[in-house]
Amino acid sequence: MTKIIAANWKMNNVFDEADEWLDGFFKGYSANYDQFKKVEMLICPPAILLDYIDSELMEDGFQFLEEVLKKEGRTLEGVSAEEINKIVVEGRPLKICAQDCHFEESGSFTGDISAAMLKKVGCEYVIIGHSERRANHHESNEIIAKKIAAAVKQNLTPILCVGESKEIRDLGKHLHFVYQQIMQSLADIKTEKLVIAYEPIWSIGTGLTPTSEQIAEMSKLIKKIFAEKFSDKITQPFILYGGSVTSQNSGEILKIAGIDGLLVGKASLDANEFLKICSSAF
Ligand code: PGA
């Protein structure tokens with residue numbers, strides 16, 4: 001199964017840094033293209049960069065298309081729109097993922113961005129319910145459920161973040177807590193593609209990671225919830241782990257049963273480190 005590795009830049013990087021990151025990324029990526037293309041890589045930049053990165057990727061896609069045609073001794077003439085789309089859009093090495101969306105399509109919501117708007121700037125995924133948004137923007141499971149419905153309506157794949165605090169784990173209530181988060185966030189959702197990111201709050205940005213057994217226990221629970229409660233509405237989700245992932249621990253985490261990928265924060269700000277993490281998937 002293809003692994004999904006996402007670079008969550010959070011509130012970091014503007015245009016110059018993004019250019020530098022993309023340069024580094026493409027250098028590393030093209031050097032080992034045959035391997036890297038087996039991994040589904042996502043870039044989750046701040047909202048002001050979404051459109052910019054989409055056009056940068058489009059430009060690179062056209063350069064790549066020219067190379068392919070040159071190699072095959074063809075010109076752009078006679079190449080169908082579908083083939084162009086296949087190479088330039090579907091073949092792009094990075095898929096664009098937003099860090100949040102509002103649940104309404106439009107309206108008086110100062111400072112917010114709707115799922116419909118994200119779709120227009122080339123997003124394919126959107127992170128919903130990250131613990132930093134739950135804590136800093138008071139997002140409840142009910143609000144998150146509405147955001148997921150809005151994302152699905154726009155054909156965006158939601159990455160629903162769940163995970164317990166240190167206090168909840170110490171009380172031994174982490175499984176129940178995550179169960180509740182999932183049940184309440186997906187109440188009326190019907191979708192083919194969903195990603196769940198298990199991100200224990202105590203591991204985000206702390207350098208602490210759960211043991212392999214702790215991660216496996218949670219992925220087993222998530223699979224069970226979907227098999228028992230959502231089998232008629234949601235296909236089994238991809239399960240990512242997030243929280244202090246680096247190239248030092250990514251290989252071990254990806255080996256854990258039921259883990260289909262990683263959501264990487266701090267370590268993803270360095271393009272080479274991100275590629276190193278991606279390379280632990282093959
Ligand atoms: P971190 O963040 O890798 O910096 O711990 C992960 C996340 O919050 O998605």
Report summary line: For the range 164-176 the number of residues that are small (Gly, Ala, Ser) and either assigned to a strand (DSSP E or B) or touching a residue at least 24 places away in the same chain (Cβ under 8 Å) (or both) is 1
Query raised in the report: Are there any pairs with C-beta distances below 6 angstrom linking a residue in the range 177-204 that is at positive phi to a residue that is buried (at least 21 other Cβ atoms within 10 Å of the Cβ), with the two at least 6 apart or on different chains, and if so which?
Result: none
Report task. Within the range 182-206, count every residue that is assigned to a helix (DSSP H, G or I), within 16 Å of the ligand (Cβ to nearest atom) and in contact with a Leu (Cβ under 8 Å, 6 or more places away or on another chain). Result -> 1
Report summary line: Filtering the range 257-268 down to residues that are more than 9 Å from the ligand (Cβ to nearest atom) and surrounded by fewer than 19 Cβ atoms within 10 Å (Cβ to Cβ) yields ALA257, GLY258
Requested in this report: Select from the range 1-56 the residues that are of a type in the set (Lys, Arg) and modelled with pLDDT of 95 or more and list them in ascending order.
Outcome: LYS3, LYS10
Query raised in the report: Does any residue of the range 211-218 turn out to be free of Cβ contacts under 8 Å to residues at least 24 places away in the same chain, among the acidic types (Asp, Glu) and either under 19 Å from THR2 (Cβ atoms) or more than 16 Å from the ligand (Cβ to nearest atom) (or both)?
Result: yes
Query raised in the report: Do any residues in the range 114-138 that are on the phi < 0 side of the Ramachandran plot have Cβ atoms under 6 Å from those of residues that are of a type in the set (Asp, Glu), where the two are at least six apart or on different chains, and which pairs are they?
Result: SER114/GLU105; ALA116/GLU105; VAL121/ASP51; VAL121/ASP54; ARG133/ASP100; ARG133/GLU139
Query - Filtered residues of the range 219-256 (kept if under 21 Å from LYS276 (Cα atoms), away from the ligand (no atom under 12 Å from the Cβ) and in contact with a strand residue (DSSP E or B) (Cβ under 9 Å, 6 or more places away or on another chain)) - result: ILE239, LEU254, ILE256
Report summary line: Of the residues in the range 133-150, those that are buried (at least 21 other Cβ atoms within 10 Å of the Cβ) and within 11 Å of the ligand (Cβ to nearest atom) come to none
**Report entry** Restricting the range 1-56 to residues that are of a type in the set (D, E, K, R) and within 25 Å of PHE238 (Cα to Cα), the residue that is farthest from the ligand (Cβ to nearest atom)
**Finding:** ASP34
Query - Number of positions in the range 133-157 that are hydroxyl-bearing (Ser, Thr, Tyr), out of contact with any strand residue (DSSP E or B) (no Cβ under 8 Å at 6 or more places or on another chain) and not in a loop (DSSP other than H, G, I, E, B) - result: 0
**Report entry** Residue ID - surrounded by the fewest Cβ atoms within 10 Å (Cβ to Cβ), chosen from residues in the range 114-132 that are assigned to a helix (DSSP H, G or I) and in contact with a strand residue (DSSP E or B) (Cβ under 8 Å, 6 or more places away or on another chain)
**Finding:** SER131
Query raised in the report: Can you tell which of ILE259, ILE225 is farther than 30 Å from ASP19 by Cβ, among the hydrophobic types (A, V, I, L, M, F, W, C), without any contact (Cβ under 8 Å) to a residue 60 or more places away in the chain and in a helix (DSSP H, G or I)?
Result: ILE225
Query raised in the report: In the range 222-245, how many are surrounded by 16 or more Cβ atoms within 10 Å (Cβ to Cβ) and within 23 Å of PRO210 (Cβ to Cβ)?
Result: 13
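The values are calculated or read from the model by the stated rules, or taken from the named source; none is laboratory data. Small disclaimer: the values here were computed from a predicted structure and weren't measured. Positions of Cβ are generated from backbone atoms using ideal geometry, with glycine treated the same way; all protein chains shown enter the neighbour counts.
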